[in-house]
Every structure is written in structure tokens, then in C-alpha cells.
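Heads up, the thing below is written out as C-alpha cells.
Nothing in this text is a laboratory measurement; each read-out follows from the coordinates by a stated rule. Because the structure is predicted, anything quoted here is derived from the model rather than measured. Positions of Cβ are backbone-derived with ideal geometry, glycine not excepted, and every protein chain shown enters the neighbour counts.
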Amino acid sequence: MDKVIVTGGAGFIGSHTCVELMAAGMAPVIVDDLRNSEERVLGGLEKITGKKPVIHRIDCTDQAALDRVFAAEKPGSVIHFAADKAVGESVADPLKYYHNNVGSLATLLRVMHRHRVNDIVFSSSCTVYGDSKDLPVTEASASGQAASPYGYTKVVCEQMLRDVSAADPHLRAVMLRYFNPIGAHPSGQIGELPIGVPNNLVPFITQTAAGIREKLTVHGDDYPTRDGSCIRDYIHVVDLAKAHVAALRWLSGRKAPVCEVFNLGTGQGNTVLEAVRTFEEVNGVKVPYVIGPRRPGDVVAMYADTTKSREVLGWKTELTLADALRDAWHWQQALGKG
Ligand code: NAD
Ligand code: WQD
């Protein structure tokens, strides 16, 4: 069975990807020190897949430790999720972000090179498009003007992969630009585990519906959109996870060197108020909300042109916003029970 190193595999997107890798007959090997995830994810993975997940609890910036993992596991490929991702924190503590996000990729690429592992799928983000007026954004749209140090770590990592790929005739890299991943596994066994007060919309909605938060604040209703609230491309995390399997399969059929970027979204933009209404309708629960001021740094609208991922990777989303919001609520209820 093909062993795939999944850094950050205990996290939100990584854990769902481990499920899909196993369903596709691949063997994920998680590398995660659980700095932003919990032990219970491993139990959830075992319940879904019937197999105990393989995990190495190490820091991906620790080259010697990573080297030992590669020597022991002899993987065929890597998916690199491990990173810090809190946009606000990255403004307050940029070095933490450059050290972990840029440092872990540089370390990983060195170790891959030493062990002659050539295929890597990297988690990038639509944040690299900044405030694009080119909607829907295509992979050829201008990128590189991010809105935060976090965003710039993705810009730098993408460039690192391009540079290393230009220098190393064996490297095969795919960079996946995620739009807004939401939802949870339909089993209710794994999902997002936000720490403290959530910044992101959907965990805030589910916690408000559960009574953990009093009300949601919709950040602005005076944008030039159909109802005045911002537009985003919300993608179900299970659809997103499946794209990683498609990316690995595509890579394995390529001749090196390859360094390609793909948008992963639905291609559909929805407003904040549409997301709230859809959540209420599909789950039959109310989400009390107030309209607040615009949130600094928010772009008015962002959604993907998905032509390239559809035509090249043969991947497209199958689940709807309603599916994602139903699964997110199911997960919140499972969490509520502890
Ligand atoms: P997450 O925090 O749930 O998962 C990341 C995992 O990586 C965590 O389990 C954490 O413990 C681990 N980790 C972080 N640094 C590590 C290190 N140095 N060594 C070992 N483990 C480490 O985040 P996520 O939402 O699953 O995001 C996964 C990737 O996708 C990240 O690279 C993120 O930047 C990117 N991304 C996320 C979103 C989003 O909205 N969730 C959007 C675009 C891109
Ligand atoms: C979505 C919409 C908010 C919370 C972030 C990162 C981005 C990427 C994805 C990693 C916006 C509105 C939110 C709330 C609200 N991550 N909102 N009330 O900002 O599009 O993207 O996650 O790469 O880099 O910035 O996602 O979920 O925070 O916001 O009205 O309490 O919901 O203003 O319009 P965002 P989000």
C-alpha cells in the first residue's frame, strides 16, 4: 500500500483527508504534534475507518525527528497540512508564522530530498489572491498580495516550491488553494475544533445555535453585494479532502518536474446572510444575529473558477452548502455531548 506522510493529519482538513486516503487504498502516516488538535481525533478516525491511525508526534520543523520518520516509514509521497492558521495572531506574532509555516516546508523538502521522496501536495489558500477584482479568480489571476503575515507565508511557500522544483528535476509538487473549508464528516466523529472564540463564520454560527455564544455578529451589510454582506466560496471539507487523493493520483502519473497550482472551491459564492439562512432552514434552528461594522481586512467577495481542477485533476465538488451546514451542526451537537 502507498504510504503517504500527512503532516498536520490530526487537524481539521488533514483528518478528513486521512479518511479519504484510506478509502482510496492508501496508507496515511500522520505527523502531528497535536499543537492545534486533540487526541480524540484519532479515536474518531478509528471509528470511521476501523483502523488505528499511525501517528508520529513530532514537530515538523525538527529535521532530525522528521528524518527518523521517513527512514522508518519509507513513504511514497507527502501531503503538507501542518501550519499555524490564525490570521489575527499572525499580525501580532508574524515570526511564529514564518518560523512554523515557512520553516516546516523548508525542513520537509530537505528531508524529502534526502530520502528521494518526490511527490508533495501543499495546502495553500485563496488568501494569496488578496483583494482580487478578477472574479471568479482563476489560477492565473494576480496573486502575491496577501492581507496578513499568515497569507504571506502561503505566498512564500508557493514560491519556495516553484524555486525548488526549478532546481530539482525530480520534484513533483501540487499547490492547492483552498477557498473556505467548512462542515465536518457526516458521521459526526471528526470536525473542526476551534480553540476559544471562533473567528471563522461557521463555527461561530454552530456555537451560537448551540447557545454557547449569545449572538452572531454579521460583519457588515453595506458591501456592494446582493444583500450587503460579504461573499465567499464555502467548500465542504469532505469534497476538499477528496481533492487531495485526486492530486496525488495526478502527480503519480506525471513526468518530473511538475509544480502546478489548483483552486479548490465550489465555484459558487454565497453571502454571510445566505449562509445563516441556509443553516436555519436545513437544521430547523435559529441563529440570533446582529449587524456589526465591517471587519478590517475582509474582502468583499472571493470565489473560485474551478475549471482547472475539474479538467486536469478530474475533481469537482459533490456536496452543497446545505450539506456542509447540516454536517457542521451534527458535529457541534456531538461536541456538545463531549
Ligand atoms: P488545523 O490547525 O486544524 O490543522 C493543522 C494541524 O497541523 C494541527 O493538527 C496542528 O497540531 C498541526 N501542526 C501545526 N504545526 C505543526 C508542526 N510544526 N509540527 C507538527 N504538527 C503541526 O488547520 P486546518 O484548517 O486543517 O488547515 C490545514 C492547512 O490548510 C494549513 O496549512 C492551513 O493554512 C491551510 N488552509 C486552511 C484553511 C481553513 O480555513 N481551515 C483555508 C486555507 C488553507
Ligand atoms: C467568512 C465571512 C466574515 C465571522 C479565512 C482566512 C483565509 C482562509 C479561510 C486560511 C466573512 C464573515 C465571520 C463572524 C461574520 N484561511 N463573518 N461574522 O475571512 O473568508 O477566510 O478563512 O487560509 O485566509 O482569512 O473566513 O470564516 O472568517 O469569514 O460576519 O463572526 O463571514 O466577515 O465575510 P475568511 P471567515
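Before moving on, here are some points about what is shown:
- J(HN,Hα) series, segment 116-125, from Karplus relation 6.51 cos²θ - 1.76 cosθ + 1.60, nearest Hz, glycine and proline x: 6, 9, 10, 9, 9, 10, 10, 7, 9, 8
- Total charge dipole magnitude, the chain, about the Cα centre, Cβ charges on Lys, Arg, Asp, Glu only, Debye to nearest 20: 660 debye
- Computed 3J(HN,Hα) for segment 161-177, one whole-Hz value per residue from the Karplus formula 6.51 cos²θ - 1.76 cosθ + 1.60 where θ = phi - 60°, is 5, 5, 5, 5, 5, 5, 8, 10, x, 9, 5, 10, 10, 10, 10, 9, 9, glycine and proline marked x.
- In sequence order, calculated HN-Hα J values of segment 92-108 (Karplus, 6.51, -1.76, 1.60; Hz; x Gly/Pro): 6, 9, x, 5, 4, 6, 5, 4, 6, 6, 7, x, 5, 5, 4, 5, 4
- Tilt relative to the chain, helix 40-49 - C-alpha long axis, 0 to 90 degrees, to 10: 80 degrees
- Straight-distance candidates among the lysines for linking to Lys154, with alpha-carbon spacing under 27 Å and chain neighbours fewer than 8 residues away dropped: Lys3, Lys85, Lys96, Lys133, Lys242, Lys255, Lys308, Lys316.
- Restricting segment 197-285 to trypsin sites (Lys or Arg not before Pro) that sit in a DSSP loop and have at most 10 other Cβ atoms within 10 Å of their own Cβ leaves Lys255.
- Around the amide H of Tyr178, modelled in the peptide plane, lie the amide H atoms of Ser124, Ser125, Cys126, Leu264, all under 5 Å away and 5 or more residues distant in sequence or on another chain.
- Whether the chain is rounded, prolate or oblate, judged on the alpha carbon gyration tensor where a/c under 1.5 counts as rounded: prolate
- For segment 33-170, projected area of the alpha-carbon convex hull averaged over all directions, nm²: 10.1 nm²
- Across segment 127-211, the volume of the C-alpha convex hull divided among the residues equals 165 Å³ per residue.
- Long-range HN-HN contacts of Ala27 with modeled amide H, under 5 Å: Asp2, Lys3, Val4
- Amide H contacts of Val218 (H built 1.01 Å from N, in plane; Pro and chain starts excluded): Val290, Ile291, Gly292 sit under 5 Å, all sequence-distant by 5 or more or on other chains.
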